[in-house]
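Asker: Here's a structure for you.
The values are calculated or read from the model by the stated rules, or taken from the named source; none is laboratory data. No experiment lies behind these values; they were computed from the predicted model shown. For neighbour counting, all protein chains shown are included, and Cβ atoms are generated from backbone atoms with ideal geometry for every residue, glycine included.
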């Protein structure tokens with residue numbers, strides 16, 4: 001189904017209104033020939049094309065002048081081998097509902113990733129992660145449509161070039177893929193991962209804690225930390241946790257001994273962006289209708305009447321304050337979409 005001049009307000013968790021020149025609801029692979037023809041037409045007119053999942057990591061800065069493809073492919077196929085449960089999951093499935101359904105079926109391995117907003121097709125792009133587990137840890141392969149040559153292709157886990165909040169879909173293949181499904185492998189001999197962050201507060205040892213306990217605790221922690229986008233528009237964590245050199249981390253720790261820090265295998269050190277923002281005294285800071293959440297400094301919210309420009313100005317202000325105080329430059333996780341496609345904060349702020 002194709003809509004013209006369609007509102008995108010319900011398709012982004014910030015609930016900020018923008019309109020798409022054309023909106024294509026991609027619900028079946030049988031629609032692919034029609035979609036590819038439309039994409040070809042858009043490109044001949046120099047119009048941008050945007051693939052949109054759940055809109056949980058997206059800020060529309062302006063009306064979109066081209067084609068938005070809303071991925072609504074559904075379906076889950078399950079199988080198993082001697083050691084693993086195997087899942088083939090369509091890109092339009094809700095990620096949290098997938099996690100919840102596997103727990104109910106006593107298939108474990110996704111529990112640390114509970115309550116991450118969005119759809120399955122967005123998971124490999126961002127290499128979503130939480131509490132010591134990342135999407136790459138459970139992914140076998142990713143199926144996608146190449147929007148340049150129109151072919152259906154598959155990438156193995158290794159070929160996806162997963163890294164912290166990154167993948168080939170944000171690099172070499174950016175703007176040319178439409179993910180249709182992912183293949184996951186979850187071990188029958190499950191092991192708990194509860195040594196990261198607030199999960200360390202679980203009373204049980206890692207050998208005795210259950211997947212359901214981890215799932216329940218992750219849901220509780222995330223519900224307490226992150227506002228419900230149905231109540232306050234937001235995109236979850238707005239900024240990435242920065243990874244800095246050991247030397248810079250050491251310098252910062254000499255002045256801030258309590259600073260959360262997580263040494264990485266490559267010698268770098270990951271810091272907590274929320275803590276850095278909090279130390280700048282920015283909780284509750286508002287610009288227009290946008291605000292830094294009063295309880296979770298990593299979340300920027302729409303108080304109900306925010307414009308995209310309000311959010312952009314606030315994000316810029318937060319980044320500058322952290323840079324001045326800690327010499328750490330925050331990168332945004334949220335995708336900024338202007339009239340011509342995805343852009344970065346620097347380019348957007350120059351146009352505000």
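Asker: Specify the residue that is modelled with the highest pLDDT; the eligible residues are those in the range 5-30 that are in a helix (DSSP H, G or I) and farther than 17 Å from residue 177 by Cβ.
Answerer: First, pick out the residues of the range 5-30 that are in a helix (DSSP H, G or I): 9-11, 29-30.
Now narrow it down to the ones that are farther than 17 Å from residue 177 by Cβ: 9-11, 30.
Details: 9: 93, 10: 92, 11: 93, 30: 96.
Among those residues, the one meeting the criterion is 30.
Asker: Does residue 101 satisfy the criteria of being modelled with pLDDT under 95 and surrounded by 15 or more Cβ atoms within 10 Å (Cβ to Cβ)? Spell out the reasoning first.
Answerer: Numbers: modelled with pLDDT under 95: no; surrounded by 15 or more Cβ atoms within 10 Å (Cβ to Cβ): yes.
No: the conditions fail for residue 101.
Asker: Right, here's the next one. Being surrounded by fewer than 19 Cβ atoms within 10 Å (Cβ to Cβ) and under 18 Å from residue 18 (Cα atoms) is the requirement here; does residue 342 meet it? Walk me through how you get there before you give the answer.
Answerer: Values: surrounded by fewer than 19 Cβ atoms within 10 Å (Cβ to Cβ): yes; under 18 Å from residue 18 (Cα atoms): yes.
Spelling it out, residue 342 is indeed surrounded by fewer than 19 Cβ atoms within 10 Å (Cβ to Cβ) and under 18 Å from residue 18 (Cα atoms).
Asker: Moving on. Test residue 264 against the stated conditions and say whether it is in contact with a helix residue (DSSP H, G or I) (Cβ under 6 Å, 6 or more places away or on another chain) and at pLDDT below 95.
Answerer: Working: in contact with a helix residue (DSSP H, G or I) (Cβ under 6 Å, 6 or more places away or on another chain): no; at pLDDT below 95: yes.
The answer is no for residue 264.
Asker: Another question about this same structure. Show the residue pairs meeting these rules: Cβ distance below 9 Å; 6+ apart or different chains; first residue within the range 62-87 and on the phi > 0 side of the Ramachandran plot; second residue at pLDDT 95 or above and assigned to a loop (DSSP other than H, G, I, E, B).
Answerer: 75/92; 75/93
Asker: I'd like to know if the range 181-193 contains one or more residues that are under 24 Å from residue 344 (Cβ atoms) and touching a helix residue (DSSP H, G or I) at 6+ places or on another chain (Cβ under 9 Å).
Answerer: Our first condition is that a residue be under 24 Å from residue 344 (Cβ atoms); within the range 181-193, this holds for none.
Within the range 181-193 (the criterion being under 24 Å from residue 344 (Cβ atoms) and touching a helix residue (DSSP H, G or I) at 6+ places or on another chain (Cβ under 9 Å)), the answer is no, since none of the residues qualifies.
Asker: In the range 93-104, is there at least one residue being assigned to a strand (DSSP E or B) and under 18 Å from the mean Cα position of the chain (by Cα)? Before you say what the answer is, go through the steps one by one.
Answerer: Restricting attention to the range 93-104, the residues satisfying the condition of being assigned to a strand (DSSP E or B) are 94.
Next cut, under 18 Å from the mean Cα position of the chain (by Cα) only: 94.
Yes, some residue in the range 93-104 is assigned to a strand (DSSP E or B) and under 18 Å from the mean Cα position of the chain (by Cα).
Asker: Name the residues in the range 226-243 that are outside any loop (DSSP other than H, G, I, E, B) and surrounded by fewer than 19 Cβ atoms within 10 Å (Cβ to Cβ), would you? Spell out how you get there, then give the answer.
Answerer: At the first step, the residues of the range 226-243 found to be outside any loop (DSSP other than H, G, I, E, B) are 233-237, 239, 243.
Listed by number, the list holds a single entry, 243.
Asker: Examine the range 186-194 for a residue that is buried (at least 16 other Cβ atoms within 10 Å of the Cβ), at pLDDT 90 or above and in contact with a strand residue (DSSP E or B) (Cβ under 9 Å, 6 or more places away or on another chain), and state whether such a residue exists.
Answerer: Within the range 186-194, the first condition is being buried (at least 16 other Cβ atoms within 10 Å of the Cβ), and the residues that meet it are 186, 192-194.
Still in the list and also at pLDDT 90 or above: 186.
Pick out the ones that are also in contact with a strand residue (DSSP E or B) (Cβ under 9 Å, 6 or more places away or on another chain) and you get 186.
Yes: the range 186-194 contains one or more residues that are buried (at least 16 other Cβ atoms within 10 Å of the Cβ), at pLDDT 90 or above and in contact with a strand residue (DSSP E or B) (Cβ under 9 Å, 6 or more places away or on another chain).
Asker: Which one is surrounded by the most Cβ atoms within 10 Å (Cβ to Cβ), of the residues in the range 306-327 that are out of contact with any strand residue (DSSP E or B) (no Cβ under 6 Å at 6 or more places or on another chain) and part of a loop (DSSP other than H, G, I, E, B)?
Answerer: This residue is 307.
Asker: If you don't mind, another one. Please find, within the range 328-352, the residue that is farthest from residue 129 (Cα to Cα) out of those that are in contact with a strand residue (DSSP E or B) (Cβ under 7 Å, 6 or more places away or on another chain) and modelled with pLDDT of 95 or more. Explain how you work it out, then say what you get.
Answerer: Let us first name the residues in the range 328-352 that are in contact with a strand residue (DSSP E or B) (Cβ under 7 Å, 6 or more places away or on another chain), namely 328, 330-337, 339-345, 348.
Those still in the list that are modelled with pLDDT of 95 or more too: 328, 330.
Working: 328: 22, 330: 18 Å.
The residue in question is 328.
Asker: Now for a separate question. Quick check on the range 288-305: of everything there that is outside any strand (DSSP E or B) and surrounded by 24 or more Cβ atoms within 10 Å (Cβ to Cβ), which residue is farthest from the chain's Cα centre (by Cα)? Outline the logic, then answer.
Answerer: Step one: of the range 288-305, the residues outside any strand (DSSP E or B) are 288-289, 293-298, 303-305.
Applying the additional criterion that residues be surrounded by 24 or more Cβ atoms within 10 Å (Cβ to Cβ) yields 297-298.
Working: 297: 17, 298: 14 Å.
Top of the filtered list is 297.
Asker: Which condition from (1) in contact (Cβ under 8 Å) with a residue 40 or more places away in the chain; (2) under 28 Å from residue 227 (Cα atoms); (3) surrounded by 21 or more Cβ atoms within 10 Å (Cβ to Cβ) is the one that residue 130 breaks?
Answerer: Among (1) in contact (Cβ under 8 Å) with a residue 40 or more places away in the chain; (2) under 28 Å from residue 227 (Cα atoms); (3) surrounded by 21 or more Cβ atoms within 10 Å (Cβ to Cβ), the lone unmet condition for residue 130 is (3).
Asker: Condition test on residue 41, is it outside any loop (DSSP other than H, G, I, E, B), more than 24 Å from residue 10 (Cα to Cα) and not assigned by TED's automatic domain parsing to the domain that holds residue 168? Show your work before the answer.
Answerer: Working: outside any loop (DSSP other than H, G, I, E, B): yes; more than 24 Å from residue 10 (Cα to Cα): yes; not assigned by TED's automatic domain parsing to the domain that holds residue 168: yes.
In short, yes.
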